[in-house]
Structure formats: structure tokens, C-alpha cells
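First up is the structure itself, then whatever we jot down about it.
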Amino acid sequence: MKPTFVAVLICVVFLLATPTVVVAASQTAQLDVQVLNMSGGGQAWLVEDHSLPLVTMKFAFAGGLVNDPEDKLGVAKLVSVLLDEGAGNMKSQDFQAQLSNHAIGLSFTPGRDAFHGALRTTSQHRALAFDLLKGAITAPRFDNDAISRMKNALTAELQNNLGDPAWLSARTFNGVVFEGHYYAHPGGGTVEGLAAVTRRDLQDFVASQFAQDLLRVVIVGDMTKAEAEAMMADVFGSLPAQGRLPEVKPAVLANPGKAVFLPLDTPQTYIAIAQPGVARTAPDWYAAQVMAFILGGGSFDARLMREVREKRGLTYGVYASLLAQQHGAVLQTTLSTANEKAAEAVSVIRDEFARMAAEGVSAEELADAKSYLIGSMPLELTTTGDIADALMSLQLFGLPPDELDRRAEYIRAVTAKDVQTIAQRLLDPAQTTTILVGQPEGIDVDILLDRAPGLGDK
């Protein structure tokens, strides 16, 4: 790192090295979000914060893993790890040196509903950071040596994951619950899929995915509206006006009412239970949030934690959460327990599901849940990254930016009847899919797997 750079940035380099860049407290109370419309149809939201010379930008192109070819699963993942491996006339080593020497954080992640990117930089090197980003998304090199190196790394990672019970549980959950939908595809691809990917496949993915009409951007930090608009035009203005996305049907959760077992030689059984969830844009989203928190929100007062851990000592932790996805919402409950305790743990969880559906929640539970959820909101928006992530989620679901300011109002309006109504709809045993990875004792299974689904033949 150059001496002049150290002298200027010694007080902020640590902040850039971590995602915890703290913003002014006044902005977390009520965000002033400025909307920037782009000529190609995309949209950007800007939250100005000049308290530190830092800028965080999150962006996403709608689509993501849906663009992975069925016979070449792993294209999106390979693109994500290759975009910073050189661009234009700049080879990988030089590109990486520019990022490192100027404390610029640039990363890409393929998601189920969008292909995500993140940029963190100081104001001093903002122009360079945006130039590097522009090169990465408009002129990625995809050099053969980098492709080979990343294929080997991702293949090794996949093979290593096959020995991780938690990873196998998540992979089996997705493969079984979303069977028949692209959500069932492994985000990291398969060994066969990665091996089959060509340079042309990577280029085709970028050409179809990186387009202005699919783009959403959030900028938080030391930029004015005029500066942000100029940057947007420069970085993203040369992208195609329209991208190509296949038509996607809603995911209907597969194998309802079934218990699915993947044998694994491990002292614990990893359990994941799936039930239909609630769409993020649905009117009863906040009622479902309150219900999920009371059921298994992670606190020791949550019903599942109290019944499964505190009273019976069956697990260290049990959690219920809503997975907000554009094409298929899920209520997911997860835990791990000793093999000989698996049947009891599942039975207790099912009893708690039934009790909440039949009896609803108490006035005290409801008040405590609302108080916690509302009280924790400011803590969710204390960093530039937090704010950018929250706003990006709203953009991708087509929600307005003032949704963040109105969440407390929506949660306060939730009644005990609302919670019971949503519990009766979601906590239906006939719709429950139970995934078990390990050697559980005393549980009748409906489907026995010989390997985690969706991973091909290797």
C-alpha cells in the first residue's frame, strides 16, 4: 500500500475492512431516500451520509440462478468469482492489486432471484472503484487460466461440503422442498456442471443478465444526487437496455406431509422442517413475522426454544424463520439433536405447531414480540451495509423505500386474531415436509435418499 494512502486513510481503513461502517444515528430513525431513475428503466436509491468519507453500493440484476443452464449448473457461480479476475486490458493480478492497494471491496453473489454485487470504497478512491466496477460488468476478461483455477477451487469446495452435515441438510432441504423448480438447483453448481461450462457460457450469462431494465441500485454514503446520477450513467449506461429472463412459474412446495431421510454417519441428526410461507408483499406478512418470532425467533422465550431446549434439553437451539423469495415463500424450522432424541424433538415441534394454530398466542406473548421486533429495528440499520441491504430487498420486491419507516406501524397493528389466522393457515401438518440428515431413531420416513439431491453423479 502506498505511504500517501496510509497517511490519508489510516482512520477509515479498518472500517472498510469490515462490513460494519456506522452511519449517523439520525439517519437510522427515518431515512431520506432519494430516487434516481435511469434511462434504461432501472432505478437507484440514494441515502446521503457525509459524516464519513465512505460509500457503500449494493446492486442487483433480476434473475440470478434462473439463468443457469440445466446441463451446466454453476455458470452463475463461476461468473460471480471471475468478474474481479481482470477486465478490459487489466489482467487478474493487476485488477486485484488495484482493489487491495486502494482498500476497495468488490464482490458478486448469485442469488435465487437476482445476481448481486457490492462495492465499498473511500471517497478519495471513489472514481477508481467505479471504473473497476464498470470494467468488471461490461468487459470481464474470463481468461482461460482464471476459469480453470476457479473451476478447480469451486469443485474442491463442493467435494469438501459433502462431509458437512449442516451443508448437506440445507442442500437436501432445497432439493426436496423445491423439487421440479430451479430453486432446487445448488447455488454453487455441480461437479459435472462446472466442468462443462465454457467461456462462451460465461459471456452469454453476462450478456443476458447484465441489463439496465433488470438493474436495481442502492447507494449509501458520501455522494450527492448529482454525483450519483453521473456515476450511474457512466458505470451502467453502456449496458444493454433490456435483458433476457425466462418465464418463471411459482414454486409449489414439493413432498408435503412427507419425512425425507438422508443417512449420514454422524452422532446428531440435522432436522429442517418446511411449510408454505407468506409472500413478502402480502398484507399478512407482518402478522406472519410476529407469529414466527413467537414460535421460534431465537430468544429463550420463544415457544420452540422453551419446549425443545429449556424443558427437555433436546437441542442447543431451534429456530423458525420466514424465507422471503419472489417465487416461493417458506416457513423454515431448523435444529440438530442427538440421533436417539430426534423422534421426540420432531414430536414436540409438531405439538407446538398444533397448539399455536388451535390456541393462538397470549396477550403477553404478543406484546413482548411486538416490543422486541420494533425495538430491534434501529439496530438493523446502523451501518451503511445494513441500510443498503434493507433497501435493496425492498427494491427487488417492488416495495417503496418508506416501507422501512412504516414497519413499526404495521407490526403495532397486528392482533392476536391475525396471528392465529396465519398460524392456522401455515402450521398445517398435511403441508409439512421434514428433512432428516443423520441416523435418527424412531422416526418413520416416507422417502429414503442415497445422496443429497441435485448434485449430479459425482
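Test of understanding: among ARG406, ARG451, which residue is under 30 Å from TRP45 (Cβ atoms) and not β-branched (Val, Ile, Thr)? So that I can check it myself, show each step before the final result.
On the way: ARG451 fails: under 30 Å from TRP45 (Cβ atoms).
Sole residue among the options that is under 30 Å from TRP45 (Cβ atoms) and not β-branched (Val, Ile, Thr): ARG406.
Working only within the range 78-121, note down all residues that are of a type outside the set (A, V, I, L, M, F, W, C), in contact with a Phe, Trp or Tyr (Cβ under 9 Å, 6 or more places away or on another chain) and part of a strand (DSSP E or B).
Scanning the range 78-121 gives GLY86, THR109, HIS116, GLY117, THR121.
So that you can scan it fast, the table gives a plain yes or no per residue for (1) touching a residue at least 60 places away in the same chain (Cβ under 8 Å); (2) surrounded by 15 or more Cβ atoms within 10 Å (Cβ to Cβ); (3) in contact with a strand residue (DSSP E or B) (Cβ under 9 Å, 6 or more places away or on another chain); (4) part of a strand (DSSP E or B):
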{"residue": "THR337", "(1), (2), (3), (4)": "yes, yes, yes, yes"}
{"residue": "ALA345", "(1), (2), (3), (4)": "yes, yes, yes, no"}
{"residue": "ASP351", "(1), (2), (3), (4)": "no, no, no, no"}
{"residue": "VAL361", "(1), (2), (3), (4)": "yes, yes, no, no"}
{"residue": "LEU391", "(1), (2), (3), (4)": "yes, yes, yes, no"}
{"residue": "PRO400", "(1), (2), (3), (4)": "no, no, no, no"}
{"residue": "ASP405", "(1), (2), (3), (4)": "yes, no, no, no"}
{"residue": "GLN424", "(1), (2), (3), (4)": "yes, no, no, no"}
{"residue": "LEU436", "(1), (2), (3), (4)": "yes, yes, yes, yes"}
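Taking only pairs six or more apart or across chains, which ones have beta-carbon atoms under 7 Å, a first residue in the range 188-215 that is more than 20 Å from GLN395 (Cα to Cα), and a second residue that is polar (S, T, N, Q) and modelled with pLDDT under 95?
If the second residue must be polar (S, T, N, Q) and modelled with pLDDT under 95, the pairs left are PHE205/ASN67; SER208/ASN67.
Of the conditions (1) modelled with pLDDT under 95; (2) more than 30 Å from PRO401 (Cβ to Cβ); (3) not hydroxyl-bearing (Ser, Thr, Tyr), ARG200 clears all except one; give me its number.
All conditions are met except number (1).
Would you confirm whether or not the range 270-283 contains a residue that is surrounded by fewer than 22 Cβ atoms within 10 Å (Cβ to Cβ) and over 21 Å from the mean Cα position of the chain (by Cα)?
Yes, the range 270-283 contains a residue that is surrounded by fewer than 22 Cβ atoms within 10 Å (Cβ to Cβ) and over 21 Å from the mean Cα position of the chain (by Cα).
Pull out all pairs, ordered by first then second residue, where Cβ-Cβ is under 9 Å, the residues are six or more apart or on different chains, the first lies in the range 279-307 and is in contact (Cβ under 8 Å) with a residue 60 or more places away in the chain and assigned by TED's automatic domain parsing to the domain that holds ASP368, and the second is of a type in the set (Asp, Glu) and assigned to a loop (DSSP other than H, G, I, E, B).
ILE294/ASP301
Considering only residues that are among the small types (Gly, Ala, Ser) and either surrounded by fewer than 16 Cβ atoms within 10 Å (Cβ to Cβ) or touching a Ser or Thr at 6+ places or on another chain (Cβ under 9 Å) (or both), look in the range 204-240 and name the one that is nearest to THR109 (Cα to Cα).
First, the residues of the range 204-240 that are among the small types (Gly, Ala, Ser): 207-208, 211, 221, 226, 228, 230, 233, 237-238.
Next, only the ones that are either surrounded by fewer than 16 Cβ atoms within 10 Å (Cβ to Cβ) or touching a Ser or Thr at 6+ places or on another chain (Cβ under 9 Å) (or both) stay: 207, 221, 226, 230, 233, 237-238.
Numbers: ALA207: 17, GLY221: 22, ALA226: 28, ALA230: 25, ALA233: 23, GLY237: 22, SER238: 22 Å.
Here the residue is ALA207.
I'd like the full set of residues that are part of a loop (DSSP other than H, G, I, E, B), within 30 Å of GLY189 (Cβ to Cβ) and of a type outside the set (Gly, Ala, Ser), limited to the range 30-77.
ASP68, PRO69, GLU70, ASP71, LYS72, LEU73 - these are the residues of the range 30-77 that are part of a loop (DSSP other than H, G, I, E, B), within 30 Å of GLY189 (Cβ to Cβ) and of a type outside the set (Gly, Ala, Ser).
The values are calculated or read from the model by the stated rules, or taken from the named source; none is laboratory data. Only a predicted model underlies this, so the values are computations on that prediction, with no experimental measurement involved. For neighbour counting, all protein chains shown are included, and Cβ atoms are generated from backbone atoms with ideal geometry for every residue, glycine included.
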